[in-house]
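Worksheet for the structure shown next.
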Amino acid sequence: MKSENLKGYLFALIATIAFSNIYIFSKAALNEVHLSQFGMYWFGIGAFLNLVWLFYRKHNRYVRALSKRQIRTLITLGILEIITTSFFFLSIQIIPDPAVTSFMGNLYPVLLTGMGIIFLKERFTAMEAFGAVLALIGAFIVSYQGGTTISEFFIPGAGIVLLNCIFAAIASIVVKINVRDMSPELINTNRSIWLFVFSLLMFIFYRQSFEIPFRAFVNIAIGATLGPFIALLLIYYSFHYIEVSKSSIVQSTKVVFVLVGSIIYFGTFPLLHQLVGGLLTLLGVILISAAKLPYLNRKGKVSQ
């Protein structure tokens, strides 16, 4: 393996481990503080780190050169991120086991693939179709809890995870269609600032206290540094050395790290059917990502 490729895989692996910690440290913090308190500190730290990095990389000079269309795009992305992230952390708070939330989150690449076909006229292979079916079946199994009514059929929080995945996929489509010549640092900083401002408004609305347990603050600080800052930057950097599809395959193993972290940090383990469903979603996402590899992507398409 070439050293450049090795570096790309290493960036992707470290980013995946860092991103998986969002589930662990946010869950630990949300067990102790109100969601608005959590958001203010989490995104405050994230916005600060991203602003420092933006100025360090001197990408702040691009702000003045933004076109009206780019500004509208950043505003749209900011609003979508508020909706998406609110659903994400709400699901983390509601679902007891972060690994289960992570398993269900694998619906995102399935929805993104579907929206790409509908809105971007992208084509997909039989492998992607099979992977999507596996992921959907797996997500259904993970969220199933029995019962005779819709409210009893799925675990609490399942619908919120689905909404999170839908809006996350919409945000990705907006990026694919509209974002041109905007650096990752600028996009990431825009995201952090919007989320911090929204969290601050919610903090004021709910009249929460600035005082939180020290342990909760430590969990927030670690999670905000590893996830929204380090993980996203390393994912972007991995794209410089390996194809996006290869990086995506590495990132799909996130559920494994979340599962291990949940066992170590909380002592929780998914039910057998949830574990089986989670492994199906993992296999489905790997197939969807692998289908985009250049030597596989040259094969015949099944839809356009």
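Over the C-alpha atoms of the range 159-240, the Rg to Rh ratio, Rh being the Kirkwood estimate, stands at 1.02.
For the Cα trace of the range 96-171, dividing Rg by the Kirkwood Rh returns an Rg/Rh value of 1.02. Note: relative contact order over the chain, using C-alpha pairs below 8 Å and six or more positions apart, is 44 percent. For F124, the residues whose amide H sits under 5 Å from its own are V302, S303, ignoring neighbours fewer than 5 places away on the same chain, with H placed 1.01 Å from N.
Computed from the C-alpha gyration tensor, the three semi-axes of the ellipsoid equivalent to the range 56-194 are 32, 19, 12 Å, from longest to shortest.
Given the choices (i) 6, 21, 19, 13, 11, 9, 7, 7, 5, 1, 0; (ii) 6, 25, 36, 25, 7, 1; (iii) 6, 27, 34, 21, 9, 2, 0, P(r) over Cα pairs in 10 Å bins from 0, in percent derived from the coordinates of this structure is entry (ii).
Remark on the range 17-74: ratio of C-alpha radius of gyration to 2.2 N^0.38 Å is 1.52.
Charge dipole of the range 1-152 (Cα centre as origin; +1 on each Lys and Arg Cβ, -1 on each Asp and Glu Cβ, all else neutral): 1060 debye, rounded to the nearest 20. Membrane-span-like helices in the chain (whole DSSP H runs, Cα extent of at least 24 Å along the helix axis, mean Kyte-Doolittle hydropathy of at least 0.0): 3-30, 35-56, 68-94, 126-143, 158-178, 184-205, 272-290.
Panel values: the range 1-127, Kirkwood radius from alpha carbon pairs, Stokes-Einstein at 25 °C and 0.890 mPa s, translational diffusion coefficient 136 µm²/s.
Size of the range 121-214 from its Cα atoms: along the principal axes, largest to smallest, the extents are 47, 45, 24 Å.
FYI, it's all coordinate maths here, none of it is from the lab. Computed from a prediction, not measured in an experiment: that's the story for all the values here. As a convention, Cβ positions derive from the backbone with ideal geometry for all residues, glycine included, and neighbour counts pool all protein chains shown.
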